[in-house]
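Encoded as structure tokens, the structure appears first; notes follow it.
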Amino acid sequence: MAPSAVSPERAPAALTTAFDDTLRFYLNGTRVVLDDVDPEITLLEYLRGIGLTGTKLGCGEGGCGACTVVVSQYNPTTKQIYHASVNACLAPLASIDGKHVITVEGIGNVKKPHPAQERVAKSHGSQCGFCTPGIVMSLYALLRNNSNPTEHDVEEAFDGNLCRCTGYRPILDAAQTFTKTACGNSKTNGGGGCCMEKGDGGGCCKDGKQDGYTDQPIKRFTPPGFIEYNPETELIFPPALKKFELKPLAFGNKRKTWYRPVTLDQLLEIKNFFPNAKIIGGSTETQIEIKFKAFQYPISVFVGDIAELRQYSFKDDHLEIGANITLTDLEILSHDAVEKYGEARGQIFSAVHKQLKYFAGRQIRNVGTPAGNLVTASPISDLNPVLMAADAVLVAKSIEKETEIPMANFFTGYRRTALPADAILASIRIPYTQEKNEFFRAYKQAKRKDDDIAIVTAALKVRLDGDGVVEAANLVYGGMAPFTVAAKKTNEYLICKKFAELETLEGAMSSLEQDFNLQFGVPGGMASYRKSLALSFFYRFYHEVMVGLGGEKTAVDEEAVSELEREISTGKEDREASAAYMQETLGKSNPHVAALKQVTGEAQYTDDIPSLKNELYGCMVLSTKAHAKLKSVDYSAALEIAGVVDYVDKNDMPNPQANRWGAPHFEEMFFAEDTIYTAGQPIGLILAKSAARAAEGARAVKVEYEELPAIFTMEEAIEKESFFNFFKEIKKGDPEEGFKNCDYTFTGVARIGGQEHFYLETNVTLAVPKPEDGEIEIFSSTQNPNEAQVYAAQVCNVQANKVVVRVKRMGGGFGGKESRSVQLSSILALAAQKTKRPVRCMLTREEDMIVSGQRHPFLGRWKVGVNKDGKIQALDLDVFNNGGWSWDLSAAVCERAMSHSDGCYLIPNIHVRGRICKTNTMSNTAFRGFGGPQGMFIAESYMSEVADRLGIPVEKFREINFYQPEEQTHFNQPLTDWHVPLMYKQVIEEADYEARRDAVTKFNAEHKWRKRGLALIPTKFGISFTALWFNQAGALVHIYHDGSILVAHGGTEMGQGLHTKITMIAAQALGVPLDDVFISETATNTVANASATAASASSDLNGYAVYNACAQLNERLAPYREKLGPEATMKQLAHAAYFDRVNLSAQGFYKTPEIGYTWGANTGKMFFYFTQGVTASEVEIDTLTGTWTCLRADIKMDVGRSINPAIDYGQIEGAFVQGLGLFTMEESLWLRNGPLAGNLFTRGPGNYKIPGFRDIPQVFNVSLLKDVEWKDLRTIQRSRGVGEPPLFMGSAVFFAIRDALKAARAQYGVAATVAIDDAADGLLRLESPATPERIRLSCVDPIMERARVVPKEGEKNFFIAI
């Protein structure tokens, strides 16, 4: 949005300081002076407002890194220039005075990219590209501060960045080329082979040591084909800023005033005059409060430039740090303190360093401060328990006095502290530990290792006398109470106890149970898990102290001491996979066609379109109740707000039917009518002159409800028979007879939760009305331009030919923009028509998550009949999905789950039934896999549990039951080109699976608290839309005079590389260089009636349509090729044909042949073919905490003859990591009680965790099936769809975790009873996702058993997991 200029108000006369009102800084090397500054906008809003749109808005809370820029400044702590990666979405403009801001546009462009940009692009590290500028800037910041980073430096540099597309591996590969240890000659880097891979023992050429000779030092290695990185050519720190004198600033308007003092005295004067002023250091919490909680801070004071608050000094018995030192500087300082004072005296600083290592992301640590952390008083702070356990002292200053506040007295309640209203935190005194007999450790457990808030955090300290008796104890926990607390009873218990006696351990554990006697429904949930962590942390600490004391081996549980750490991730891809069929263009690993534009910030997304004249911004008024009667809506207060222009709701629809959408039932409403069915349902739309005023207006709308009972879970819906009018079944053979004649019958339940799409670009639309004939042009981030066109025409009451929908690219989609994007685009089209002005709206991350729907949760109730030889005889299965409040695509999702519930296994007698639960959550929708992963998860769940019941390895059980070529599925489709059994054997051999299984068994026998697990999971995924009419595509190909080709097709680009594959198909077909083919956009006026880009069929459908158009053109050009000869260029051919009046435009069309399945009759071909794969995964879990890591994954996919192997590898890796998130990490939770009961709780990166850079497998190997024949595959190039099929491969990690947990339970004699279907035995029933909480709760060790919290009668969990 463009910032609005305002006249700043002068500082009040009572302040003696003379304040300036002009901001001066440098932007990409150019001096900027601002004397009209809007005090309410962030650095991100300023940058995007002046046209620097390379910096993206991904979440608005500093959790995704899409908005990362570099702010170079003189650091008063280190006395050096530091290039800080910073979240521009949080940074106030007041924070950049006197600094140099560098954006992605400032370091390079398409014609001359920075080496960091070029390497990410050429290494295939950018798919949708929305996160890419932020990732590039994090890498750039690393290189500016350290031109010779280590591999560890590289992995840590991205801990504040997220990517939803790539699976991170190619980004890390690109970044590692800058390290001292990178070798571009290695085969994994595309070279001919590193000297270390030759096996001759000669050493590494990069060491300068080979064959016993020492050469000169080797300079930084530049891999072949890359620009050399030369730090000397970087943007210099502007000389004028080295001499820049910081002046106190004050600027603002009637709503808000900013102060930026530069001395402590100035700050104290301001605080004295404005006791309620908001003191802001990094703005990491404040901006979230402003944006998401609508907090108002009329007086804000930025204190980041007060050098006095950023100093430090080593004293005789403590380290004193300025309270406003940045967390990055504290991280470095704590490391230095350990080196200075030694490990024994520096234990507290080791703990500080450890906690800061995983404290948020680097961008937050670069601006966040200890003072901010303390006064925020978060109950789950990582740092506060350390300071409290250390008995640190806080020094508070006001204009009149200095006060020392012991940490033990600082927190007075939830988010409340003892800091006087007129005081600020000036410094913190952190004592050292004793040289001997004092022990200090800190621990943290979160959902994800990097950049995650703690579930429980602890800092534990004991001091012993010479006889080993406890003199002092301070055990402090976060996450166990409304604020950071000491375990008082335990601290008291430990005094005067002989520490090394086991009775002391047992007594302390019992005291901890009393200190933290959590109730089942405790706020924050996870009562049993949190209690177990409190106990486990102390158990770990106790034995770590015992090791330090040199305790007897029999009394020390040494294995409990070490925490699970991961190695640097590596991986390889088979670069020779397409060698046998590679052509001039097809089969080559070309980079994404827009990669360079994406890494340089030049790629334009919908919200990057410059603001239009008279443009309005929309903000939806959303329901806050899950189910209610809508009694009244009063928007009068909103219209009184300056800048608010209008309000749009159901009454603006041309007729009642126009408000209905969602084929084929049309039961969903664009705007709520009389009843609310879910929290987040649109009620109206506020239109204003800025996004901020629109949001303010939406908050001012008063809505009155009459609440009604709500349903959230599938179990509730089944109990209350709340279903949509849908029932489908697939029946084959005679299941009743099969069960009657089999040896065993086993039953079970499989359950899998939903998943948020978390595309980095939220839903966004710009609707532009035209002055004639009711025309309207819509720019939308949608996978479905055709449906957007249809419904925009409906709400505007015009014919579809008056509506043009354009899609340049999306910043990710994954199915979430197939149907749900239509809601926003239609509402904005109506608003634009009503006001006759352009209307724009980009949903906030929070709005997008509560409005747009998720992957469907599924429940499968199964009964399996099996013989003693392991052959399955029968399956009876009831499948339920949680559709949410409206139909959307739930029926098709359920059908696909049913069709994939056989997995890869022949079951002669089968009966599968499907129902859709009607609940009061958002309407769940398409998501990569579209029910397939859920169906296959049910299949692999019953395979795993039945194998346990039979007492045979599940790998063998799978092999026994594999389909063989030409055998028929349960929907009577023969399996042609069936390669799963072959790939299963290949992965076993290539991954050394059997030897690793022996090693895992040995490891588990030798380790008590660490367990490893292996899993080998196959997949088959049917490719075709199950709705027959969607299996068609059109294309339009133009040849111009100069020989250039313009291609239009119906598919949209969302990062999956569709445009890249299509341009390659066209270039190959027409015999022209790839650079001569261009795709501008997807639009409804070039290709009409296009199907949504979905179902992994877009390359097949649109590729063949383009090929068909090219074939027509080739036929027309054939006489000229014959006449002009084989060397004739396309320019010559086009020229000659044009003068002969030959049509150089062709419309192509394709429809998938043969398919057409009939439900009920169970006849016809459901899918054109199946994409297949097999994955082996190995994990290690820490059973004390539930932490896990994936040690290795080996993925092999059959994608036919790949059009572009690099694109396919990117899809496989990205889908695998997204699947890993689905099955192990990503959990959506709803609030059960309180004013926001029924609302989604996990509505942003702060509490919804997708995998990060350091969650991927430590060894990540991917290969494509080769050296086989695809006899029946009749697709373009004989390739297979690859977007969705690999996602289920991520479940291999889940089942490896299950395997490890079985070993952990067996250690205590808990295992499945063989040959008996016993519901109460030790069979492991693990729900998805396998979060650290579920992992820990699945363990049965004594610590976990004593920590279990049993609900009282009627007591329920704080959260609802649907």
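Observations, loosely collected:
- Filtered by the rule that a residue be surrounded by 14 or more Cβ atoms within 10 Å (Cβ to Cβ) and assigned to a loop (DSSP other than H, G, I, E, B), region 285-317 gives GLU285, TYR297, PRO298, VAL303, GLY304, ASP305, ILE306, GLN311.
- Close contacts from region 956-967, counting a first residue that is over 12 Å from ILE872 (Cα atoms) and a second that is open to solvent by 50 Å² or more (accessible area, probe 1.4 Å) and at pLDDT 95 or above, with Cβ to Cβ under 6 Å and a gap of 6+ residues or different chains, come to GLU966/PRO974.
- Of the residues making up region 240-278, just one is in a helix (DSSP H, G or I), more than 40 Å from the chain's Cα centre (by Cα) and more than 17 Å from ALA421 (Cα to Cα), namely ALA240.
- Looking across region 465-488 at every residue that is over 33 Å from the mean Cα position of the chain (by Cα) and touching a residue at least 60 places away in the same chain (Cβ under 8 Å), the one that is surrounded by the most Cβ atoms within 10 Å (Cβ to Cβ) is identified as LEU475.
- Residue count for region 1208-1263, restricted to those that are in contact with a Gly (Cβ under 6 Å, 6 or more places away or on another chain), among the polar types (S, T, N, Q) and over 23 Å from GLU1053 (Cα atoms): 2
- The residues of region 508-527 that are open to solvent by less than 20 Å² (accessible area, probe 1.4 Å), part of a helix (DSSP H, G or I) and touching a helix residue (DSSP H, G or I) at 6+ places or on another chain (Cβ under 6 Å), listed by number, are ALA508, MET509, SER511, LEU512.
- Count of region 414-446 residues which are in contact with a strand residue (DSSP E or B) (Cβ under 7 Å, 6 or more places away or on another chain) and either assigned to a loop (DSSP other than H, G, I, E, B) or β-branched (Val, Ile, Thr) (or both): 12
- If you filter region 1297-1323 down to residues that are in contact with a helix residue (DSSP H, G or I) (Cβ under 6 Å, 6 or more places away or on another chain) and under 13 Å from TRP1009 (Cα atoms), you find that the one that is surrounded by the fewest Cβ atoms within 10 Å (Cβ to Cβ) is ALA1303.
- Residues in region 982-995 include at least one that is of a type in the set (Gly, Ala, Ser) and assigned to a loop (DSSP other than H, G, I, E, B).
- Of the criteria (1) of a type in the set (Val, Ile, Thr); (2) buried (at least 17 other Cβ atoms within 10 Å of the Cβ); (3) closer than 30 Å to ASN474 by Cα, which one THR554 fails: (2)
- LEU564 fulfils the conditions (1) within 26 Å of the chain's Cα centre (by Cα); (2) within 27 Å of LEU760 (Cα to Cα); (3) of a type in the set (A, V, I, L, M, F, W, C); (4) assigned to a loop (DSSP other than H, G, I, E, B) except for a single criterion, (2).
- Residue within region 990-999 that is over 32 Å from the mean Cα position of the chain (by Cα) and crowded, with 23+ Cβ neighbours inside 10 Å present: no
- Just one of the listed residues (ALA408, ALA371, ALA389) is surrounded by fewer than 21 Cβ atoms within 10 Å (Cβ to Cβ) and within 39 Å of the chain's Cα centre (by Cα), and it is ALA408.
- Condition check for ARG1278: surrounded by 15 or more Cβ atoms within 10 Å (Cβ to Cβ), among the basic types (Lys, Arg) and touching a Phe, Trp or Tyr at 6+ places or on another chain (Cβ under 6 Å): yes
- None of PHE349, PHE359 is among the aromatic types (Phe, Trp, Tyr) and touching a residue at least 40 places away in the same chain (Cβ under 8 Å) except PHE349.
- GLY1221 meets all of the listed conditions (1) in a strand (DSSP E or B); (2) within 23 Å of GLU1327 (Cα to Cα); (3) of a type outside the set (Val, Ile, Thr) but one, namely (1).
- Members of region 609-636 that are open to solvent by 20 Å² or more (accessible area, probe 1.4 Å), in contact with a Leu (Cβ under 9 Å, 6 or more places away or on another chain) and either closer than 14 Å to ARG699 by Cβ or of a type in the set (A, V, I, L, M, F, W, C) (or both): ILE609, LEU612, THR624
- Yes/no for GLY853 being in a loop (DSSP other than H, G, I, E, B), out of contact with any Phe, Trp or Tyr (no Cβ under 7 Å at 6 or more places or on another chain) and under 20 Å from ALA658 (Cα atoms): no
- Wholly within region 1086-1199, strands (runs of 3 or more DSSP E) carrying at least 2 residues that are of a type in the set (A, V, I, L, M, F, W, C) and crowded, with 24+ Cβ neighbours inside 10 Å: 1169-1182, 1187-1198
- For region 39-56, taking the residues that are part of a loop (DSSP other than H, G, I, E, B) and polar (S, T, N, Q), the one that is farthest from CYS131 (Cα to Cα) is identified as THR53.
- Test: LEU505 is free of Cβ contacts under 8 Å to residues at least 60 places away in the same chain, part of a helix (DSSP H, G or I) and hydrophobic (A, V, I, L, M, F, W, C): yes
- Residue selected from region 896-908 under the condition of a type outside the set (S, T, N, Q) and assigned to a loop (DSSP other than H, G, I, E, B), by the criterion nearest to SER623 (Cα to Cα): HIS900
- SER378 passes every criterion in (1) small (Gly, Ala, Ser); (2) touching a strand residue (DSSP E or B) at 6+ places or on another chain (Cβ under 9 Å); (3) part of a helix (DSSP H, G or I); (4) open to solvent by 20 Å² or more (accessible area, probe 1.4 Å) apart from (3).
- Pair list, Cβ under 7 Å, 6 or more apart: region 141-154 residue without any contact (Cβ under 8 Å) to a residue 60 or more places away in the chain, other residue among the acidic types (Asp, Glu): LEU142/ASP153; ASN146/ASP153
- Screening the candidates ARG1334, ARG1325 for the property of being assigned to a helix (DSSP H, G or I) and at negative phi yields one hit, ARG1334.
- Checking each residue in region 909-953 for being of a type in the set (A, V, I, L, M), outside any loop (DSSP other than H, G, I, E, B) and open to solvent by 10 Å² or more (accessible area, probe 1.4 Å) picks out only LEU950.
- Of the criteria (1) surrounded by fewer than 19 Cβ atoms within 10 Å (Cβ to Cβ); (2) modelled with pLDDT of 95 or more; (3) in contact with a strand residue (DSSP E or B) (Cβ under 6 Å, 6 or more places away or on another chain), which one ARG169 fails: (1)
- Residue match in region 742-755 (condition: over 28 Å from LEU1326 (Cβ atoms) and not hydroxyl-bearing (Ser, Thr, Tyr)): no
The values are calculated or read from the model by the stated rules, or taken from the named source; none is laboratory data. What you are looking at is a predicted structure, and each value in this text was computed from that prediction instead of being measured. Ideal geometry is used to build each Cβ from the backbone, glycine not excepted, and the neighbour counts take in all protein chains shown. SASA here: full protein model, heavy atoms, side chains in, ligands and nucleic acids out. Shrake-Rupley method; radii C 1.70, N 1.55, O 1.52, S 1.80 Å.
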